[in-house]
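The structure appears right after this line, and notes come after that.
The values are calculated or read from the model by the stated rules, or taken from the named source; none is laboratory data. All of these numbers come straight from a predicted model, not from anything done at the bench. Because the Cβ atoms are built from the backbone with ideal geometry, glycine has one as well, and the counts that use them run over all protein chains shown. Note: accessible area is taken over every heavy atom of the protein model, side chains too, but ligands, DNA and RNA are not part of it. Shrake-Rupley method; radii C 1.70, N 1.55, O 1.52, S 1.80 Å.
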Amino acid sequence: MYNTLVLGGGVAGNLLVEKLSLINSQLNIIGFVDDNNIKAIGTIQDIPKLIEKHHIQKIVIAIPSERGKLIRKILLILSEYSEIELLILPRTTEIVVGEHVSAEDLRNLELHDLVGEHIDKSLQKEISSKIQGENILITGGGGSIGSELSKQILLASPKKLIIVDFCEYNLFKLEQSLKRISELTKNTEIKYVLGNVNNIPLIETLLKSNKIHTICHASAYKHVPLVESNVYEGVLNNAFSTFNLAMLAKQCDVKNFILISTDKAVRPYNIMGKTKKLAELAVELVFKNSVNHNFAIVRFGNVFNSSGSAVELFLSQLNTGNTITITDPQMTRFFMTIPEAVQLVLQAGIVASKNSIYMLKMGDPVNIMELAKCIAVLKHNKLSDIKFEITGKRSGEKIHEELFDNSTETIEESIHPRIFKINHQSHTSPDNILNELTNLFDNLDSYEIQNHSSTGQQILINQIDKIISLCH
């Protein structure tokens, strides 16, 4: 028998205790911990003394609607109790509604539990009805966002799903992961296309031969320091490809165009953010005043534990030693889990009103130092054994991210409580901005820019800054 505390004295917690007693579980429930329940034996802050008093071995978090902030708070309280096993109920309301909570519902605490909020799936049926039977093309399908888009869209049973990625390994991994889902959706034809979005003949052929109805454009370079030192490639891959794809979509009569954007496009401070701002402009201007096409640009912050993220770095550092590097202890970021972000992207792009930029409500910003500490504790380290090295803010980094520019943009509510529509105001005519953008792309392959010299890089940066300044 394991002495166990149950965190949460609500419906889920009570159901869990009741079921555990019926099935004679190995969990010996000592009592509830709850800040708002008079029947609890203590509050969250009392957990350390309850561990000592009752020799606690396991803690069950039985608050299915809560994540993120609460989980991080608990881990920091347990920073010196690496031997305690943390279990959690799934992030769902069905286990309470169906009244079938049991020990089988419990699982170990995982990384993605550190962030994120409740996902409202009230529009799921409407999304599925608009995807079912349609032909969908996803660019960057092998990436963190693209692969989850592929999974969620495939579950809605489109007629055709065309997935494009230039990385052979990523495309191979995606094909393997979709095999199980494809067995459930046998009526969907899936094509895995190895290719670059800037291969215009390839993309044009795919759009025409497959009569694509919706494009989800998730292909982009995202690592700030790398794009900072490779300006030409950043513009080529993030902005120029988006412009070409939007133009082809319009020519080939693709009805819906969804661009995955980022908070770094807001008052862009680094080259990556500036290239994504150009991508947003390209989509807006190409489809301007079009009555036969719809576009949705969806901005959100960092996707938690995506490839090459800070989380991945922290995990690698913990595996090889006891030192974690932090650029700045004051730095904060918005985070979403990948499934959470993609679900909201589809709700914004498929269901919300069209021809707009959308901002996803990311929840509260997360302090990166706090996050690193929680990851260390989650991986069964005592916080006192971990060293934190402050390396200094890198080139192009902001201390705090923004999701909209309050100097030129306003937000309004949409049909979903976590999706806001952004209204943009500019004193420059759209035609002038489009002319400057087209001129930039027409001259992108000039020798001065392409040769990666400091002079060429600066020429390109000056042109980008000029275009972005026109938007204010």
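Values for this structure:
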| read-out | value |
| --- | --- |
| Global form of segment 182-293, assessed from the alpha-carbon gyration tensor, a/c cut-off 1.5 | prolate |
| Charge context of Ser144, other residues only, Cβ under 15 angstrom, K/R +1, D/E -1 | -1 |
| Peptides 401-414, 271-284 ordered by average Cβ neighbours within 10 Å, highest first | 271-284, 401-414 |
| Mean separation of Cα contacts under 8 Å (6+ apart) over length of the chain, as relative contact order % | 13 |
| Additional length obtainable on full extension of the chain from Asn462 to His380, 0.36 nm per residue less Cα span | 24.7 nm |
| Compactness of the chain, expressed as Rg and Dmax over alpha-carbon positions, Å | 24.3, 76 |
| Out-of-range pairs (alpha-carbon distance over 20 Å; input Lys49/Lys73; Lys222/Lys276; Lys361/Lys421; Lys73/Lys379) | none |
| Å² of accessible area per residue within the chain, as computed with a 1.4 Å probe and no ligands counted | 44 |
| Of all DSSP beta bridges in the chain, antiparallel share, percent nearest 5 | 20 |
| Total formal charge among the other residues, if their Cβ is under 9 angstrom from that of Leu378, Lys/Arg +1 and Asp/Glu -1 | -1 |
| Cα-Cα separations in segment 363-449 greater than 17 Å, expressed as whole percent | 75 |
| Peptides 293-304, 177-188, 326-337 ordered by average Cβ neighbours within 10 Å, highest first | 293-304, 326-337, 177-188 |
| Value at 222 nm in deg cm²/dmol, rounded to 500, when DSSP H runs of n ≥ 4 in the chain each add -39,500 (n - 2.57) | -11500 deg cm²/dmol |
